[in-house]
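Accompanying notes for the structure given below.
Every number in this text was worked out from the coordinates using simple rules, so none of it is lab data. Only a predicted model underlies this, so the values are computations on that prediction, with no experimental measurement involved. Quick reminder, even Gly has a Cβ in these numbers, built from the backbone with ideal geometry, and neighbours come from all protein chains shown.
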Amino acid sequence: MKISENSELKIGLLGASFDTGNLGVSALAESSIKIIFHKWPNARVTLVGSGYTPKEHSLFLSDKQVCIKTVPIRFSKNILLPYHFLWFTLYGLIVKILPGASLKNSLVNRNQYFKTLYEMDLAVDITGGDSFSDIYGMRRFILSFLNKWLIIFLGKKLVFLPQTYGPFKKNITRILAKYILRCASIIYARDKESLEYVKNLLQNNKENGKVRFTPDVAFILDPREPEHLDIGSLSTIRKNNSILIGINISGLLFRGGYTKTNMFELRTNYAQVVPEIIESLLKDQRTLILLIPHVFPLPEFEFISDLNACMKVYEQLSQQYRDRVFLARGQYNHNEIKYIIGMCDFFIGSRMHSCIAAMSQYIPAVGIAYSKKFNGVFESIGMAEYVADARILSKKQILNIIESALRRMDKTRKHLERIIPSVKDEILNSVLLNP
């Protein structure tokens, strides 16, 4: 049955949050919500499985303020929490068994959080853009799987928003992922490699018909000027002939991943290579560098903070290159950091969504990659040659890609000006069609 665009649908959004400190995840959350309201202006959206406690978030979308509620799905030892996974599962099981609508409604009304899940018309999932995989460890994969399984168990229609899928290196993760994907109504992939990966995983022509390509949703995120912008004296030093290069330094890669032991098997030492790249760029006297963090994590993950990594590199270089190396200090949200990135002439990023923030504003960007997601997303907009895969390339090869991109900066900007408007239009008008 076709759903009217004027319907007041109750929609749950999984795998997205505004509380992680990862501005890429926040960008995905807001962009996903923007797509939902573009399709159904009267929808009521709830972030499912987000955070530790129920909250409300206010967003400005197209100059309209909307309120987004969250319903956590907890797996903690405190099983008395009314939004614990076990309670949701138990309620769901009992509702299936109980005869008669009145008894079912009586039970559902006993738990407002379960009621929100039970009354959802549709669930959409984005899994942090690239976390439906086992590359970040089994714990993260299992928790993500259980959230999706719960939605399916409750009989809700599940749509996967554009994201990267896999790799699933272990047999058990491959089996579980295959089950979830088979249960989904539509599966959007943000890159052609993921599209083929899912099709091969499902190995069924009927199932493959629901697998579709759409670019990463964060291309449609709106930039917003920060109320307080702290970039030192950059604005007074920058001249008409200056080339401002924004550089995002990943705290995750700077510390060797979550394991701190080169978790992503990079060919070179990232913490050493980044300052060397910056020094090479500064040989051109027109060049100014702005270090831009894109992840401000929760205290327990402070070791992967982009801001800390940026500060270390800034302290290492700022004395020698006074008035040429700058740092975006302070805390910014996803809209504000996109605005700051938009001030640059050229961009280099190790957080993929920092690169998307640049390219969506027609700024040529090179991605220093640590996973396959970079290749697919860059390729989706004709920018595949701008990916410097740190897993296979040497420092010299990475520099060659950056220098080549700088030489073609004007040509690339014109390419982005041609393609990005159609990319944004495709995202807004192709996703969530007849789910």
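Name the residues of the stretch 40-80 whose amide N is less than 16 Å from a point 7 angstrom out from the Cα of K424 along the C-beta direction? Hits in the stretch 40-80 for K424 at 16 Å: 61-64. Using a simple spin-label model with pseudo-atoms 7 Å out from Cα toward Cβ, E56 and Q331 lie 2.1 nm apart. With both labels modelled 7 Å from their Cα along Cα-to-Cβ, the S102 to S235 distance reads 6.7 nm.
With K and R counted +1 and D and E -1, the other residues having a Cβ less than 13 Å from that of I68 yield a net charge of +3. For the listed peptides 157-166, 189-198, a ranking on the average number of other beta carbons within 10 Å per residue, highest first, reads 157-166, 189-198. Here the convex hull built on the C-alpha positions of the stretch 234-420 has a volume of 111 cubic angstrom per residue. Projected over all directions and averaged, the alpha-carbon convex hull of the chain occupies 21.6 nm². Note on the stretch 143-212: Rg/Rh from Cα positions, Kirkwood definition for Rh, rounded to two decimals, is 0.93. Across all Cα atoms of the stretch 1-87, the radius of gyration (one decimal) and Dmax (whole number) stand at 14.1, 42 Å.
In terms of Cα to Cα distance under 19 Å, which aspartates and glutamates are near enough to K157, apart from those fewer than 8 places away along the same chain? Excluding near neighbours in sequence, the set is E5, E8, E119, D121, D125, E207.
For the stretch 345-419, the normalised intensity computed at q = 0.14, 0.19, 0.20, 0.24 Å⁻¹ comes to -0.36, -0.68, -0.75, -1.10 (log10 of I(q)/I(0), Debye sum over alpha carbons, equal scatterers, no solvent). Quick check: the angle from helix 306-317's long axis to the longest principal axis of the chain, C-alpha only, nearest 10 degrees? Relative to the chain, helix 306-317 is tipped by roughly 10 degrees. Taking all C-alpha pairs of the stretch 247-287, those more than 15 Å from each other amount to 45 percent. In the chain, the calculated helix contribution to ellipticity at 222 nm averages -12500 deg cm²/dmol per residue, counting -39,500 (n - 2.57) for every DSSP H run with n ≥ 4.
For K39, the lysines whose Cα comes closer than 16 Å to its Cα, not counting residues fewer than 8 places off in the same chain, are K2, K10, K64, K424. Over 19 Å apart at the Cα level, from the set K34/K414; K115/K156; K170/K372; K239/K414, are K34/K414; K239/K414.
Between helix 395-407 and the chain there is an angle of about 80 degrees, using the helix long axis and the longest principal axis of the Cα atoms.
With all pairs of different C-alpha atoms in the average, the Kirkwood value for the hydrodynamic radius of the stretch 181-291 is 18.7 Å.
Stokes-Einstein diffusion for the stretch 26-175 at 37 °C, viscosity 0.692 mPa s, with a Kirkwood radius from C-alpha pairs, works out to 196 µm²/s. Top mean-square fluctuation among V124, V45, V217, Gaussian network model of the chain, C-alpha springs under 10 Å? Its mean-square fluctuation being the largest, the pick is V45. Could you work out the percent of alpha carbon pairs in the stretch 190-234 separated by over 13 Å, rounded to a whole number? Distances greater than 13 Å cover 68 percent of the Cα pairs. Computed packing ranks the peptides 221-234, 380-393, 95-108 as 380-393, 221-234, 95-108, most packed first, by mean other Cβ atoms within 10 Å. Between the helical axis of 23-39 and the longest alpha-carbon principal axis of the chain there is an angle of about 50 degrees.
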